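Chemist: The structure is given below, and queries will be raised subsequently.
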Amino acid sequence: MNITGLIDEAVNSISKLDSTRRSFVNSISKTIRAPVNADGKEILEKELVFPVKAAELGQKIAGVDSGFVGKDLLALDLVLIRCVGVVFSYDKGKLGSAQYFPSFYSFPQPSLTNRSLEVDEFQMSKSLQRLLQEIGMARKMIEENSPDYCFLDGSIVPQYADKPRADSNILDFYGKLIDEFQLLYKTAEEKGCELVACVEDSRGSRFRTILQERVLGSKFNSSVLDNCYDTILLDYLLSKGERSMAFSYTGEDAKKPHPILSDFNESWSKSIHAFYLRPCEFDRPLRVEFLHKEGNISEHVDKIAGITYALSCLHREYAYPSVLIEADLHARLKPDEISLVYEKIMDKLGKNIRIKMRRDYRPF
């Protein structure tokens, strides 16, 4: 197959799949928007779709993000991490002030390791170090600035890719990370700060699974939704200013415990929930994760959704909280920043010590 044929086949396949899914969602729209029977386990609210009213911003809202770049050398591995915290203080819907931590501009923190890591361990190590700094920054900001909300960029828990194998040299990093996440949860709870995490490009399918198994069941042939991410499904289902029902982060299948949440204290692992929100017309729904232990979950979700909606609807084609966009702009790292540090190391070492990787000095 030539490249033209490949492109045509890809376009036809995607268009056909989109049309099939859209048609199926339209056929079940009445069922989806009708009240459902809450079973207390998977279906936590009385409906699958709810309208959301944007809150009037008058709170102190923090956001944390980080950026990193790495350079692998023969004798050691070098990582630069810049973690930035931003606090927006609002008054009557207007931004009154913005504070930056540790400063408006900060040089990234360097980290060296000579553990002789495997390639996969080095990539994982970079991610774990970044998360450790990011979660530590969030906790420090909550302790010192007492925001009403603290937004995290990414999930509220580590991901599958962050968990090393049992014999890994970086298993201690992972253990520290789990402890740091739980300490962050505890700090937010004690300080009365609502911890909210937003996933920019979610590949979750929990909502879709609940819909297929608990709502549609055998009444509909929902196989057309197999392998369909939540954001794709909800792009057909949600209109601007609507959210999905809240659901627990994972199911309660004792035979298949969640590989990450099984490492958490049960009181925290069972409190992690999520929902999807559509803040603008021309972008996909946004995955929002939060902690909920007790009380009316619908009231809790409406409160979080209202704040998230107000922060995320500023651009009709990009739905993301403004405080996280600002944090990202200041945390982002460029390749030339690590090149500067790398070249300084090489200059001081001289030519007699060879630590460059062979691929970095090819003569042709």
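The values are calculated or read from the model by the stated rules, or taken from the named source; none is laboratory data. If you're wondering where the values come from, they're calculated on a predicted model, not measured in any experiment. Note: ideal-geometry Cβ built from the backbone for every residue, glycine included; neighbour counts use all protein chains shown.
Chemist: Within the bounds of the range 305-317, is there any residue that is part of a loop (DSSP other than H, G, I, E, B) and within 20 Å of residue 181 (Cβ to Cβ)?
Modeler: No, every residue in the range 305-317 fails to be part of a loop (DSSP other than H, G, I, E, B) and within 20 Å of residue 181 (Cβ to Cβ).
Chemist: Given the options 170, 135, 156, 178, name the one that is surrounded by 17 or more Cβ atoms within 10 Å (Cβ to Cβ), of a type in the set (Val, Ile, Thr) and under 30 Å from residue 317 (Cβ atoms).
Modeler: When all the criteria are applied, what remains is 156.
Chemist: Quick one: which residue in 171, 177, 152, 132 is aliphatic (A, V, I, L, M), touching a strand residue (DSSP E or B) at 6+ places or on another chain (Cβ under 6 Å) and under 26 Å from residue 262 (Cβ atoms)?
Modeler: Testing whether each residue is aliphatic (A, V, I, L, M), touching a strand residue (DSSP E or B) at 6+ places or on another chain (Cβ under 6 Å) and under 26 Å from residue 262 (Cβ atoms) leaves just 152.
Chemist: Do we have any residue at all in the range 4-26 that's part of a helix (DSSP H, G or I) and farther than 25 Å from residue 232 by Cβ?
Modeler: The answer is yes; a qualifying residue exists.
Chemist: Show the residue pairs that are 6+ apart or on different chains and have beta-carbon atoms under 7 Å apart, the first residue being within the range 52-67 and within 30 Å of residue 123 (Cα to Cα), the second being in a loop (DSSP other than H, G, I, E, B).
Modeler: From residues that are within 30 Å of residue 123 (Cα to Cα), the pairs are 62/147; 63/321; 67/332; 67/333.
Chemist: Inside the range 167-182, can you point out the residues that are closer than 25 Å to residue 286 by Cβ and in a loop (DSSP other than H, G, I, E, B)?
Modeler: none
Chemist: Yes or no: residue 252 modelled with pLDDT of 95 or more, farther than 22 Å from residue 184 by Cα and surrounded by fewer than 15 Cβ atoms within 10 Å (Cβ to Cβ)?
Modeler: When the stated conditions are applied, residue 252 does not pass them.
Chemist: Scan 289, 242 and give me the residue that is under 19 Å from residue 199 (Cβ atoms), of a type outside the set (S, T, N, Q) and in contact with a His (Cβ under 8 Å, 6 or more places away or on another chain).
Modeler: Result of the check over 289, 242: 289.
Chemist: When you check residue 56 against the structure, is it acidic (Asp, Glu), buried (at least 18 other Cβ atoms within 10 Å of the Cβ) and assigned by TED's automatic domain parsing to the domain that holds residue 323, yes or no?
Modeler: no
Chemist: Looking only at the range 298-324, count how many residues are closer than 19 Å to residue 89 by Cα and of a type in the set (Lys, Arg).
Modeler: Of the residues in the range 298-324, 1 are closer than 19 Å to residue 89 by Cα and of a type in the set (Lys, Arg).
Chemist: Hey, can you tell me all the residues within the range 133-172 that are in contact (Cβ under 8 Å) with a residue 40 or more places away in the chain and either more than 30 Å from residue 99 (Cβ to Cβ) or basic (Lys, Arg) (or both)?
Modeler: Of everything in the range 133-172, those that are in contact (Cβ under 8 Å) with a residue 40 or more places away in the chain and either more than 30 Å from residue 99 (Cβ to Cβ) or basic (Lys, Arg) (or both) turn out to be 139, 140, 160, 163, 164, 168, 169, 170.
Chemist: Search the range 314-326 for residues that are in the same structural domain as residue 150 (by TED's automatic domain parsing) and pair each with any residue that is among the β-branched types (Val, Ile, Thr) when their beta-carbon atoms are under 6 Å apart and the residues are at least 6 apart or on different chains.
Modeler: Short answer, once both residue conditions are applied: 323/61; 323/86; 326/86.
Chemist: Tally the residues that are part of a loop (DSSP other than H, G, I, E, B) and among the hydrophobic types (A, V, I, L, M, F, W, C), restricting the search to the range 146-166.
Modeler: 3
Chemist: Going through the range 35-53 one residue at a time, which ones are at pLDDT 90 or above and either of a type outside the set (A, V, I, L, M, F, W, C) or surrounded by fewer than 13 Cβ atoms within 10 Å (Cβ to Cβ) (or both)?
Modeler: Residues satisfying the conditions are 35, 45, 46, 47, 51, 53.
Chemist: Here is a list: 106, 89. Which entry is surrounded by 12 or more Cβ atoms within 10 Å (Cβ to Cβ) and part of a strand (DSSP E or B)?
Modeler: 89
Chemist: Does residue 334 count as at pLDDT 70 or above and not aliphatic (A, V, I, L, M)?
Modeler: Yes; evaluated as a whole, the condition is true for this residue.
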